[in-house]
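*Asks:* First the structure, which I've put down as structure tokens, then a few questions once you've had a look.
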Amino acid sequence: MASGMVGSGCDAGRHTWHYLVRTWQGLDVPDGWRAEIHEGRITLQPPPRPWQHLILGRVHRAFHHCLPEGLGIFQILAVRIASVEKVYVPNLVVIDRAVVIAESEKQEAAPVDAAEALLVCEVTSQGNARDDRTKKLWAYAHAPVPLYLLIDRWHEGGPTVTLFSDPSGGVYQSSVQVPFGKPVELPEPFGIELDTAVFSR
């Protein structure tokens with residue numbers, strides 16, 4: 001999953017969560033790359049591939065037309081899950097704009113609390129698909145993030161879209177999985193059927 005790392009396993013054992021976050025804040029990350037805190041380390045994730053951008057553009061457009069005023073759609077917005085000591089940068093986050101504004105106005109802005117998000121979306125690459133299906137699924141449920149939309153081009157049964165919902169006790173209690181080509185229904189405040197046929201084009 002990671003193309004680069006800052007720190008080592010030995011360092012991670014000594015450093016506290018707050019130290020990792022402060023270090024993360026001070027990083028000068030190359031354009032398009034994403035720095036995440038995972039398993040006591042800061043990892044660098046490469047930029048999304050062009051086909052991932054195309055899918056994200058479709059999702060962004062669908063959400064833009066249905067969300068009420070005040071909610072924002074952000075790509076490359078860092079979220080923290082302090083209870084499990086992780087910082088992730090989902091491919092897409094739907095969250096109240098006021099939360100992002102409030103965080104950005106702090107002297108040392110930190111990642112926003114993932115629990116404030118309404119939905120996070122990950123579009124798997126061949127290299128990170130397993131983490132998106134397992135580790136991030138687990139972490140987002142612990143936040144808890146109400147909805148986790150996983151767009152998985154590399155699913156062993158063929159490309160799929162899975163919507164996880166109803167997190168409780170660190171586990172999503174409900175999920176709906178459809179193959180590319182079939183719509184997936186998103187609850188309010190989205191209230192739409194997301195067309196997945198366009199993902200395979």
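The values are calculated or read from the model by the stated rules, or taken from the named source; none is laboratory data. For clarity, every value in this text was computed on a predicted model and none was experimentally measured. Glycine gets a Cβ as well: all are built from the backbone with ideal geometry, and neighbour counts include every protein chain shown. SASA here: full protein model, heavy atoms, side chains in, ligands and nucleic acids out. Shrake-Rupley method; radii C 1.70, N 1.55, O 1.52, S 1.80 Å.
*Asks:* Please find, within the stretch 33-58, the residue that is most open to solvent (accessible area, probe 1.4 Å) out of those that are in a loop (DSSP other than H, G, I, E, B) and either of a type outside the set (G, A, S) or closer than 20 Å to A109 by Cβ (or both).
*Replies:* If we take residues in the stretch 33-58 being in a loop (DSSP other than H, G, I, E, B) and either of a type outside the set (G, A, S) or closer than 20 Å to A109 by Cβ (or both), then R49 is most open to solvent (accessible area, probe 1.4 Å).
*Asks:* Return yes or no: is Q126 open to solvent by 60 Å² or more (accessible area, probe 1.4 Å) and at pLDDT below 95?
*Replies:* Spelling it out, Q126 is indeed open to solvent by 60 Å² or more (accessible area, probe 1.4 Å) and at pLDDT below 95.
*Asks:* Does S174 satisfy the criteria of being open to solvent by 80 Å² or more (accessible area, probe 1.4 Å) and over 21 Å from V21 (Cα atoms)? Give the steps one after another, and end with the answer.
*Replies:* Details: open to solvent by 80 Å² or more (accessible area, probe 1.4 Å): no; over 21 Å from V21 (Cα atoms): yes.
Here the answer is no, as S174 does not meet what is asked.
*Asks:* Let me ask something else about it. Going by what's in this entry, would E108 be described as open to solvent by 60 Å² or more (accessible area, probe 1.4 Å), in contact with a Leu (Cβ under 9 Å, 6 or more places away or on another chain) and either modelled with pLDDT under 95 or within 21 Å of V161 (Cβ to Cβ) (or both)? Break it down into steps so the answer makes sense when it comes.
*Replies:* On the way: open to solvent by 60 Å² or more (accessible area, probe 1.4 Å): yes; in contact with a Leu (Cβ under 9 Å, 6 or more places away or on another chain): no; either modelled with pLDDT under 95 or within 21 Å of V161 (Cβ to Cβ) (or both): yes.
Spelling it out, it is not the case that E108 is open to solvent by 60 Å² or more (accessible area, probe 1.4 Å), in contact with a Leu (Cβ under 9 Å, 6 or more places away or on another chain) and either modelled with pLDDT under 95 or within 21 Å of V161 (Cβ to Cβ) (or both).
*Asks:* Here's something else I'd like to know. Could you run through the stretch 79-120 and say how many residues are in a loop (DSSP other than H, G, I, E, B) and among the basic types (K, R)?
*Replies:* 1
*Asks:* Return the residues of the stretch 68-78 that are open to solvent by less than 30 Å² (accessible area, probe 1.4 Å) and not in a strand (DSSP E or B); say none if nothing qualifies.
*Replies:* G70, L77, A78
*Asks:* From the list V89, V99, V79, V93, which one is aliphatic (A, V, I, L, M), within 21 Å of K135 (Cβ to Cβ) and without any contact (Cβ under 8 Å) to a residue 40 or more places away in the chain?
*Replies:* That would be V93, the only listed residue that is aliphatic (A, V, I, L, M), within 21 Å of K135 (Cβ to Cβ) and without any contact (Cβ under 8 Å) to a residue 40 or more places away in the chain.
*Asks:* Write out, first by first residue and then by second, each pair whose Cβ atoms fall under 8 Å of each other, whose residues are 6+ apart or on separate chains, and whose first residue, in the stretch 166-195, is closer than 15 Å to V59 by Cβ while the second is of a type in the set (G, A, S) and in a loop (DSSP other than H, G, I, E, B).
*Replies:* That search, which allows pairs on different chains as well, returns F180/G158.
*Asks:* In the stretch 103-142, which residues are under 20 Å from L67 (Cβ atoms) and in contact (Cβ under 8 Å) with a residue 60 or more places away in the chain?
*Replies:* The answer is L118, L119, C121, V123.
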